[in-house]
Structure formats: C-alpha cells, structure tokens
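The values are calculated or read from the model by the stated rules, or taken from the named source; none is laboratory data. Keep in mind that this is a model prediction, so the values were computed, not measured. Glycine gets a Cβ as well: all are built from the backbone with ideal geometry, and neighbour counts include every protein chain shown.
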Amino acid sequence: MPFSPALRVAGFGTSIFTEITQLAALHNAVDLSTGFPDHDGPELVKDAAIDAIRAGKNQYALSHGTIDLRRAIADHARRFYRQEVNLDTEVTVTNGAAEALHSVMDGLVNPGDEVIVLEPYYEVYAPNVIMAGGVPRFVPLRPTRLTTQGASIEWTIDPDELTAAFNDRTRAIIVNTPHNPTGKIFTAGELEAIAALCQKWNVIAITDEVYEHITFDGARHTRLATLPGMTERAVTISSMSKTFSFTGWRIGWIIAPPDLTAAVRLAHQFVLDCSATPMQHGAASALFLDDDYFSGLAADYQLKRDHLAASLRDAGFAVSLPSAGFFIMAGIEPLGWNDDVAMCKHLAAEIGVAAIPPSAFYSEANKRLGKAFIRFAFCKTMETLQAARARLVKLRR
Ligand SMILES: Cc1ncc(COP(=O)(O)O)c(C=O)c1O
C-alpha cells in the first residue's frame, strides 16, 4: 500500500503549470509562461558572490542573515522609502520571498485564524496559510472595463467586499503590490483603505513587494508600512529574484517591527536555519548598486512590455498595458476564446508559445474572473520576444 500525503497538503494537487510546461517542452514552444528572466543579473553582483566563495565565506551564517546584507536591506529601505529599520531587530534574511511567506504564516498564524488573500494571487499564499492551520478568505480583484468598447482594463477591489472580509477572526491580510499577474500598483486610496481596516480590526498587513522596482510610465510604488499607523503591524517582504534577475540565488528578506520579527524568526530558524552565505554577500552588493541600475531596470522592462504588447495586439488579443511587474494579462475574447486553460493548451501545442491561464490564480469560487485572459511574461531577452512574435501572428491567420 502506498503512503498517502499528510492531510495538511493532501488537497493541494498538481498545478496546471506542470501540464503547460510539459506541453511546451513537447512542442518546443517559446516560453513566455515562467516568471523568471532568461538572462542573468549584473556581473558586479555575480563577482561579489564569487569573491565571497574564494575568500572563504562558506560556512553557516546567522539564522536571520549576515550583518552586511541586513545593513544593505536597511539602507535600501531608507534610500527608497525613507523607512528607518533596525537591522538587528527588524530584518530577517530568507530563502527568497517564498520562504519568507511560509515563515511569516508559520510564525504568526494560529489554527483557525483567517487570512485575507486578494486574488488572483501568487500561488503559494493560500497553501502557506493552510499549512499554518489558517483559513484563507478570498477577496477578488475584478477586471473592470474602462470604456465600453476599449480593451483597457483596470483590476479593482470592491470596497464593500473588502470591508466585509474583516472580522474578529482576521489575523492578517496579504497584499501583493505591484501585483502579479495584473501589473496593478495599488493606489494610495486603496492602501489607505486597507490600512484603516487593519487598524480597526488589529490585523497584520503582509505585503509582497518583489516587483517594487519594476514600475512604468513614471508610476511609483508605495510601501504600505510607511503609511501612518502601519509601522507596528506591517510585514514587508521582498527579494533578489525580480529586481536583480537572480531567481536561483534564493535570497529574500522580511522587514517587520521587533515583536513580529521575533515571532517570524522562531519559525524561520527551524524552516531554513540560514540562507546561503556567499549569495548573501552578493545580495548585499546588489542592494548598494546606484540609482541608475534601478531606473535602468524599469526602463528596459518598459521597452519589453511595449514590444510584447504590440505583438499581442497584432495577433488579435485585447491588451491593457500593466503599470508594473513583468506580465501582460491579454484578453482572449476578441480571438473567439473564453477558456484560458484551453487557449493556453492550444497556444503551446499549435502556435508554439507557452503562457499561463490566470484562472489558476483564483480560488474555485472566482475562477471565472480569470477565464477571459492569458498571462504572458516579458522578463525575456528581445530575441525570445521576437521569436514569440513570429509565432503569435499565426493566430491571426
Ligand atoms: C508575487 C510574487 N511573490 C513572490 C515570488 C517569489 O519570489 P522569490 O523568488 O523571491 O521566492 C514571486 C515569483 O514569481 C511572485 O510573483
């Protein structure tokens, strides 16, 4: 008799992404599905990690991170957000944002606590809440057409739905801004409304800000932790993956006030022990790169966004430009499709381009909200984007 999985994970299932990835490999599809760059980050940062290895910095680090990296994280918070952070009591280095999310849930959520998850959501949120014994409470972002005919879409939360989700069992809310997959940057008004509800119900605000530096057309990301009354209840998560294109280094971090940090570290020490020491040295050098690096990153991704948007429009998709991140949610209805999963399979097998069906990022009850879109990633080289363009035109024929 085979052993069955533990009850806490038995319901998770295998994701649609695995199926699409297999189809894409079978048909040698151009991969615009995965949210990782097909190019490396800065050479200088690689050199810093290599130098650390050669200099013998190869043993365990402190569980909450090397002092150099925590100093760099605190300095970055001051430089970009005027946020003052104590590097001893308020910063924890993690194995990417993904482990940060896991340790935050394990450290802060009690069995039966509700955690508000705004959907579509990065796929680890709900499983992490469930593994901690909590209950995800979903509030959807809805695609709202800005004009009756136009392709222009804004993803909005219904303020009444959000208000109704808070109650005395609510322990935390997870806010991903800038947002994957919609490319939305939460507005000051939306963040203020979330902050007010968190304060009213004594709720912890967990923000996932891994796309913080990839913003377009002059739009700026606001850190929820810096809003009045939020310092004592905000847990800010970010990482090396998207800003520096080193997704495989697995370096992320958490900034939170001392009481929340202490709780999270209790979990983190037994989930991970510590992150890879030489990569932490590389990461510290990355966070000290000058401002031109960060503005250059956004400018480069804006060109790629515009290139992919043009290809998708020419192929017949309805395209609304994202304000941030590196994904486009393209509307499939003008092409005669209304099922994102079926369209993604067709795209991979018949057209030779891999993309992700966003209904996978919604809970069962709200899957239909994602069905009329497909998520394409543009964190790819221009050559990859051009190869995709050449194939996408076949949709028109
Ligand atoms: C919203 C969001 N958060 C977190 C992550 C994972 O970040 P990391 O590589 O630092 O674990 C991703 C990766 O796709 C993401 O899109």
Quiz item: Give me the pairs: first residue in the range 79-94 and closer than 20 Å to PRO228 by Cα, second residue outside any strand (DSSP E or B), beta-carbon distance under 6 Å, and six or more apart or on different chains, which are they?
Solution: TYR81/ARG223; TYR81/THR226; GLN83/ALA77; GLN83/THR226; VAL85/ALA74; VAL85/ALA77; GLU90/THR261
Practice problem: State all residues of the range 125-136 that are part of a helix (DSSP H, G or I) and touching a strand residue (DSSP E or B) at 6+ places or on another chain (Cβ under 8 Å); if no residue qualifies, say none. | Solution: TYR125, ALA126, VAL129, ILE130
Quiz prompt | Candidate set: the range 212-254, residues that are of a type in the set (S, T, N, Q) and closer than 19 Å to LEU87 by Cα; chosen: the one farthest from the ligand (Cβ to nearest atom) | solution = THR231
Exercise. Take the range 62-87 and flag every residue that is within 16 Å of the ligand (Cβ to nearest atom) and of a type in the set (Val, Ile, Thr).
Key: ILE73
Practice problem: List every residue pair whose Cβ atoms sit under 7 Å apart, with the two residues 6 or more apart in sequence or on different chains, where the first one lies in the range 228-252 and is without any contact (Cβ under 8 Å) to a residue 40 or more places away in the chain and basic (Lys, Arg) and the second, anywhere, is assigned to a helix (DSSP H, G or I) and more than 8 Å from the ligand (Cβ to nearest atom). | Solution: ARG233/CYS198
Practice problem: Would you check if there is a residue in the range 88-109 being more than 16 Å from the ligand (Cβ to nearest atom) and on the phi > 0 side of the Ramachandran plot? | Solution: no
Self-check item: Selected residue (only one of ALA193, ALA234, ALA188, ALA256 is in the same structural domain as VAL85 (by TED's automatic domain parsing) and modelled with pLDDT under 95)
Solution: ALA188
Practice problem: Return a yes/no flag: does the range 101-108 have any residue that is in contact (Cβ under 8 Å) with a residue 60 or more places away in the chain, under 15 Å from PHE288 (Cα atoms) and small (Gly, Ala, Ser). | Solution: no
Exercise. Might you let me know whether the range 277-299 holds any residue that is touching a strand residue (DSSP E or B) at 6+ places or on another chain (Cβ under 9 Å), β-branched (Val, Ile, Thr) and either over 30 Å from VAL203 (Cβ atoms) or more than 16 Å from the ligand (Cβ to nearest atom) (or both)?
Key: no
Practice problem: Go through the range 181-232 and count every residue that is hydroxyl-bearing (Ser, Thr, Tyr) and in contact with a strand residue (DSSP E or B) (Cβ under 7 Å, 6 or more places away or on another chain). | Solution: 4
Practice problem: Starting from the range 156-185, take each residue that is at positive phi and list its partners that are crowded, with 18+ Cβ neighbours inside 10 Å, counting only C-beta distances under 7 angstrom and pairs at least six apart or across chains. | Solution: GLY183/PRO322; GLY183/SER323; GLY183/ALA324; GLY183/GLY325; GLY183/PHE327
Exercise. May I ask you to list the residues in the range 183-210 that are β-branched (Val, Ile, Thr), more than 16 Å from the ligand (Cβ to nearest atom) and farther than 20 Å from ASP259 by Cβ?
Key: THR187, ILE194
Quiz item: Could you say which residue among THR207, THR236, THR231 is over 18 Å from the mean Cα position of the chain (by Cα) and farther than 21 Å from PRO37 by Cβ?
Solution: THR231
Quiz item: Mind checking whether some residue in the range 27-50 is away from the ligand (no atom under 14 Å from the Cβ), among the basic types (Lys, Arg) and over 17 Å from SER239 (Cα atoms)?
Solution: no
Quiz item: Of the conditions (1) surrounded by fewer than 21 Cβ atoms within 10 Å (Cβ to Cβ); (2) out of contact with any His (no Cβ under 8 Å at 6 or more places or on another chain), VAL45 fails just one. Which one is it?
Solution: (1)
Self-check item: Of the criteria (1) outside any helix (DSSP H, G or I); (2) modelled with pLDDT under 95; (3) in contact with a helix residue (DSSP H, G or I) (Cβ under 7 Å, 6 or more places away or on another chain), which one THR34 fails
Solution: (3)
Quiz item: Taking ALA256, is it among the small types (Gly, Ala, Ser), within 18 Å of MET105 (Cβ to Cβ), in contact (Cβ under 8 Å) with a residue 60 or more places away in the chain and out of contact with any helix residue (DSSP H, G or I) (no Cβ under 6 Å at 6 or more places or on another chain)?
Solution: yes
